[in-house]
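Asker: Below is one structure. I have some questions about it.
The values are calculated or read from the model by the stated rules, or taken from the named source; none is laboratory data. These numbers come from a predicted model, not from an experiment. Reconstructed Cβ throughout: ideal geometry from the backbone, glycine too, with neighbour counts over all protein chains shown.
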Amino acid sequence: MQVPIIDLKAQYMSIKNEIDRAVENVLRSGSFILGEEVKRAEEEIAKYSNVKYAVGVNSGTDALFLALKSLGVKEGDEVITTAFSFFATAEVISLLGAKPIFVDIRPDTYNIDFMQIKNNITKNTKAIIPVHLYGQPADMDEINEIARGYNIKVIEDAAQAIGAEYKGKKIGSLGDIACLSFFPTKNLGCYGDGGMVLTNDEQIAFKVRELRAHGSSKKYIHNEIGINSRLDELQAAILMVKFKYIEAWNERRRKNAKIYNNILKNVVIPFEAEFVKHIYHQYTVRTQNRGKLQKHLKDNGILTAIHYPIPIHKQEVYLKMGYNLSLPESEKAADEVLSLPNYPEMTDEAIGYVALNINNFKG
Ligand SMILES: *Cc1c(COP(=O)(O)O)cnc(C)c1O
């Protein structure tokens, strides 16, 4: 049996008629940038996420960049974030000339350890970016409380977590701003790059709207220096087809996780924190025998992935910038985590096959 890590072709085949029709409608409309489809996607995703405003942008990375920029983050400022995430979370901080302050993670959820945030706050701290890693919400109440005490803004990096819940509330409305990614392999992905900024703050929404369109709110009137970062009509139309299935797809990911949990032996299965609904964007186990296990699975036709092999503070570029930190939990996780295939189209049989091959592995 061959088991890929994700199967976007199977997903397309399951919704082909609707997707093809949506794409054709856009092509026939002759409207490709900031038209009705983007407006509809913004309205629907804002409603779903319980926020007043949503602004479609070109990627999750741009969503984070524009969120920080809308808060005025600049050179000399500091932004606290986790060392264990996709590189973009920290990259955007540096791109604005500000300094990422890396905090270690909780070893059980892999999310930022809120206990270590306070002693990293200085007079230059402007924001905290918790990441809902693998689709599991970070400890938002504790993080918000710390931030409020110091008048610091909180930006949720929700690139892996649309649909996840924290204490009964959808992620996306839990901080001051939230950022979504619609990269094709995300749990809600389009067929290219795409992203969105969510907020209840009218001024932030207005600012992001300007910044994504050359700092302009009216054609040829420029109020500030922005960039070109718009979600396009084709991607928005594709997104709106897929959005109808997000709840069902997330539930299927959760069901797959349950099946894995019940069968797997000899590896540490994911921990789902109290009060949260984890949507298992990734089903990630840990083992001290990762290299050999990954090869054993590959030899049996099963593809896996490592999210992420190098914590951000150990990336070459940050070492060159003089970062010399020891964040033991992030470093240990980077050596031990392994994401198994988990996607909505996956059959129970395929999950059983993966689990059996893990249980049979004699490291
Ligand atoms: C994917 C991802 C991003 C970046 O999103 P893009 O749409 O690829 O730019 C940022 N943060 C996290 C945690 C991600 O997983």
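Asker: Do you know which residues across the stretch 36-47 are touching a strand residue (DSSP E or B) at 6+ places or on another chain (Cβ under 9 Å), in contact (Cβ under 8 Å) with a residue 60 or more places away in the chain and surrounded by fewer than 21 Cβ atoms within 10 Å (Cβ to Cβ)?
Answerer: Of everything in the stretch 36-47, just one residue is touching a strand residue (DSSP E or B) at 6+ places or on another chain (Cβ under 9 Å), in contact (Cβ under 8 Å) with a residue 60 or more places away in the chain and surrounded by fewer than 21 Cβ atoms within 10 Å (Cβ to Cβ), namely Glu44.
Asker: Please pick out the residue among Phe84, Phe183, Phe114 that is within 11 Å of the ligand (Cβ to nearest atom), surrounded by fewer than 24 Cβ atoms within 10 Å (Cβ to Cβ) and at negative phi. Spell out how you get there, then give the answer.
Answerer: Values: Phe84 fails: surrounded by fewer than 24 Cβ atoms within 10 Å (Cβ to Cβ); Phe114 fails: within 11 Å of the ligand (Cβ to nearest atom).
The conditions single out Phe183.
Asker: Considering only the stretch 236-252, state which residues are crowded, with 23+ Cβ neighbours inside 10 Å and not small (Gly, Ala, Ser).
Answerer: If we filter the stretch 236-252 for residues that are crowded, with 23+ Cβ neighbours inside 10 Å, which is where we start, we get 236-239, 250.
Ile238, Leu239, Asn250 - these are the residues of the stretch 236-252 that are crowded, with 23+ Cβ neighbours inside 10 Å and not small (Gly, Ala, Ser).
Asker: Just checking, which of Leu95, Leu68 is buried (at least 22 other Cβ atoms within 10 Å of the Cβ), within 28 Å of Asn223 (Cβ to Cβ) and modelled with pLDDT of 95 or more?
Answerer: Values: Leu95 fails: buried (at least 22 other Cβ atoms within 10 Å of the Cβ).
Answer to the check: Leu68.
Asker: For the stretch 207-263, how many residues are in a helix (DSSP H, G or I) and either in contact (Cβ under 8 Å) with a residue 40 or more places away in the chain or in contact with a helix residue (DSSP H, G or I) (Cβ under 6 Å, 6 or more places away or on another chain) (or both)? Step through it out loud before you land on a result.
Answerer: Pass one, the stretch 207-263, residues in a helix (DSSP H, G or I): 207-211, 233-243, 246-263.
Going one step further and asking which of them are either in contact (Cβ under 8 Å) with a residue 40 or more places away in the chain or in contact with a helix residue (DSSP H, G or I) (Cβ under 6 Å, 6 or more places away or on another chain) (or both), we end up with 207-209, 211, 233-243, 246-250, 252-253, 256-257, 259-260, 263.
The total comes to 27.
Yes/no per residue for (1) among the acidic types (Asp, Glu); (2) under 19 Å from the mean Cα position of the chain (by Cα):
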site: Ala127; (1), (2): no, yes
site: Tyr134; (1), (2): no, yes
site: Met140; (1), (2): no, yes
site: Ile143; (1), (2): no, yes
site: Tyr150; (1), (2): no, no
site: Glu156; (1), (2): yes, yes
site: Ala159; (1), (2): no, yes
site: Ile162; (1), (2): no, yes
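Yes/no per residue for (1) touching a helix residue (DSSP H, G or I) at 6+ places or on another chain (Cβ under 8 Å); (2) closer than 18 Å to Leu198 by Cα; (3) among the β-branched types (Val, Ile, Thr):
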{"residue": "Ala83", "(1), (2), (3)": "yes, no, no"}
{"residue": "Glu91", "(1), (2), (3)": "yes, no, no"}
{"residue": "Leu95", "(1), (2), (3)": "yes, no, no"}
{"residue": "Tyr110", "(1), (2), (3)": "yes, no, no"}
{"residue": "Asp113", "(1), (2), (3)": "yes, no, no"}
{"residue": "Lys118", "(1), (2), (3)": "yes, no, no"}
{"residue": "Lys123", "(1), (2), (3)": "no, no, no"}
{"residue": "Pro137", "(1), (2), (3)": "no, yes, no"}
{"residue": "Ala158", "(1), (2), (3)": "no, yes, no"}
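Asker: Read through the list (1) assigned to a helix (DSSP H, G or I); (2) surrounded by fewer than 22 Cβ atoms within 10 Å (Cβ to Cβ), then give the number of the only condition that Val354 fails.
Answerer: The failed condition is (2).
Matching residues to (1) touching a Lys or Arg at 6+ places or on another chain (Cβ under 8 Å); (2) of a type in the set (Gly, Ala, Ser); (3) more than 16 Å from the ligand (Cβ to nearest atom); (4) touching a residue at least 40 places away in the same chain (Cβ under 8 Å):
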site	(1), (2), (3), (4)
Val3	no, no, yes, yes
Asp20	no, no, yes, no
Ser49	yes, yes, yes, yes
Ile93	yes, no, no, no
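Asker: Now for a different question. Take Ala158 and tell me if it is farther than 15 Å from Val103 by Cβ, buried (at least 18 other Cβ atoms within 10 Å of the Cβ) and either small (Gly, Ala, Ser) or away from the ligand (no atom under 14 Å from the Cβ) (or both).
Answerer: yes
Asker: Still on this model: Would you pick out the residues in the stretch 188-225 that are more than 16 Å from the ligand (Cβ to nearest atom) and of a type in the set (Gly, Ala, Ser)?
Answerer: Listed by number, the residues that qualify are Ala205, Ala213, Gly215, Ser216, Ser217.
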